[in-house]
1. Does any residue of segment 269-276 turn out to be part of a loop (DSSP other than H, G, I, E, B) and within 20 Å of the chain's Cα centre (by Cα)?
2. Looking at (1) without any contact (Cβ under 8 Å) to a residue 60 or more places away in the chain; (2) surrounded by fewer than 23 Cβ atoms within 10 Å (Cβ to Cβ), which is the one condition that is false for Ala116?
3. Give the residues of segment 284-310 that are assigned to a helix (DSSP H, G or I) and not hydrophobic (A, V, I, L, M, F, W, C), sorted by residue number.
4. Out of the residues in segment 130-176 that are farther than 23 Å from Ala95 by Cβ and of a type in the set (Gly, Ala, Ser), which is modelled with the lowest pLDDT?
5. From (1) buried (at least 20 other Cβ atoms within 10 Å of the Cβ); (2) free of Cβ contacts under 8 Å to residues at least 24 places away in the same chain, pick out the condition that doesn't hold for Gly316.
6. What residue, among those in segment 53-93 that are among the basic types (Lys, Arg) and in a helix (DSSP H, G or I), is surrounded by the fewest Cβ atoms within 10 Å (Cβ to Cβ)?
7. Give the residues of segment 94-113 that are in a helix (DSSP H, G or I) and surrounded by fewer than 20 Cβ atoms within 10 Å (Cβ to Cβ), sorted by residue number.
8. Considering only segment 13-42, how many residues are modelled with pLDDT under 75 and in a helix (DSSP H, G or I)?
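The values are calculated or read from the model by the stated rules, or taken from the named source; none is laboratory data. It should be emphasised that the depicted structure is a prediction, and the values quoted were computed from it without experimental measurement. Virtual Cβ from ideal backbone geometry, glycine too; neighbours counted across all protein chains shown.
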Amino acid sequence: MKLIIKLLTSTAFMMGLAVVVSLLTNQFVTGVYPDFLAKDSGLRSNITIFLLACMLTVTMSRIPYTDLNPVKNARSVARAILLGLVVASSIPLIAYFLLRDSPDYGKYAVGLVFLAATPFAGSVGPLSLILRGDLEHALRSTIVVYIVALVWIPFIVWLTLGETVDMTQVVIVVLELIGVPLVVSRAITWVKIDKTVMAVVLNCIIAFLVWVSVGSTDFGKAGLTVMAVFMVIAALRDIGLGLSSEYVEKRMKISWSQRVTDILMISYKNKGIALALCASVLTGPAIGSAMVAIAASIVVEVCWVAFMDSVLFSKGRMERELASDREAGIKEVWE
């Protein structure tokens with residue numbers, strides 16, 4: 001039973017399992033994927049938006065009211081917006097503009113827009129707590145960045161796809177996905193939720209959303225070459241930016257706590273929002289094509305999360321880095 005609970009609370013395992021199941025039940029591979037979901041993109045969209053909004057509401061409700069003032073913490077907030085939105089979006093945006101006119105990759109590159117538009121995952125706060133990162137900075141930044149995302153997401157979509165999508169629908173979806181959870185979450189901060197139960201439920205919802213969305217992805221028509229190209233882009237975005245941030249900040253003698261949170265912000269995107277935007281804003285075959293880039297990114301992110309958990313942020317390395325910080329006189333936010 002303990003092993004089952006451990007697996008259910010592992011985001012990397014649940015995401016990986018969801019991707020495998022999605023591939024096995026993909027309508028273009030075995031036909032097992034439910035026909036009513038395959039044909040009704042509106043139903044997939046509504047399910048995705050509802051479940052993701054519930055997830056974000058619960059996740060952000062764990063963030064207390066204290067220390068949320070962005071004016072008093074201007075440097076912290078500016079760093080979060082720069083890393084979590086601007087820098088984190090640079091690679092998928094550059095890749096989109098390079099590929100958008102390609103006859104082989106153009107229709108698939110649209111998915112990169114939704115990856116670029118999304119903020120970092122809401123679980124950056126809990127992960128910062130577990131990994132002894134800068135929890136105060138992570139929690140405050142989550143609220144501020146998601147508020148900024150109310151404008152950032154429509155701006156990125158308008159900048160790239162403004163002539164081909166309904167921007168009114170984009171704004172409505174963003175308000176449903178982020179605006180409502182931001183408001184409702186503030187009303188239920190007092191509700192006590194067991195951490196293990198919350199982790200299991202949230203991971204199961206994530207796995208289900210991946211299956212609902214990726215299960216209808218046009219893998220068969222995309223081909224291995226297309227998938228490989230978008231996996232390389234995803235690796236540059238997740239692994240490349242994550243390791244670069246770690247290298248640069250360590251050379252700058254920035255403490256472990258700040259490095260942990262910054263790496264999570266710059267490399268750990270909220271793929272759920274990307275899935276919901278793709279399913280809600282696009283129509284017809286365009287959804288399946290755009291999902292290829294998002295699916296490739298999810299596969300890479302599973303590997304990245306596993307690497308962070310077992311190597312980059314391992315307990316042994318954490319203890320060595322904290323000891324090194326103390327010897328060097330670098331102040332820890334935990335001390």
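1. Residues of segment 269-276 part of a loop (DSSP other than H, G, I, E, B): 270.
Cutting the leftovers down to within 20 Å of the chain's Cα centre (by Cα) gives us 270.
Yes, segment 269-276 contains a residue that is part of a loop (DSSP other than H, G, I, E, B) and within 20 Å of the chain's Cα centre (by Cα).
2. (2)
3. In the first step, residues of segment 284-310 are kept if they are assigned to a helix (DSSP H, G or I); the result is 285-310.
Result: Pro285, Gly288, Ser289, Ser297, Glu301, Asp309, Ser310.
4. Checked segment 130-176; the qualifying residue modelled with the lowest pLDDT is Gly133.
5. If we test Gly316 against (1) buried (at least 20 other Cβ atoms within 10 Å of the Cβ); (2) free of Cβ contacts under 8 Å to residues at least 24 places away in the same chain, just (1) comes out false.
6. From segment 53-93, those among the basic types (Lys, Arg) are 62, 72, 75, 79; that's our starting set.
Of the ones still in play, those that are also in a helix (DSSP H, G or I) are 75, 79.
Working: Arg75: 8, Arg79: 17.
Per the criteria, the residue is Arg75.
7. Step one: of segment 94-113, the residues in a helix (DSSP H, G or I) are 94-99, 106-113.
Across segment 94-113, the qualifying residues are Ile94, Phe97, Leu98, Gly106.
8. Final tally of qualifying residues: 8.
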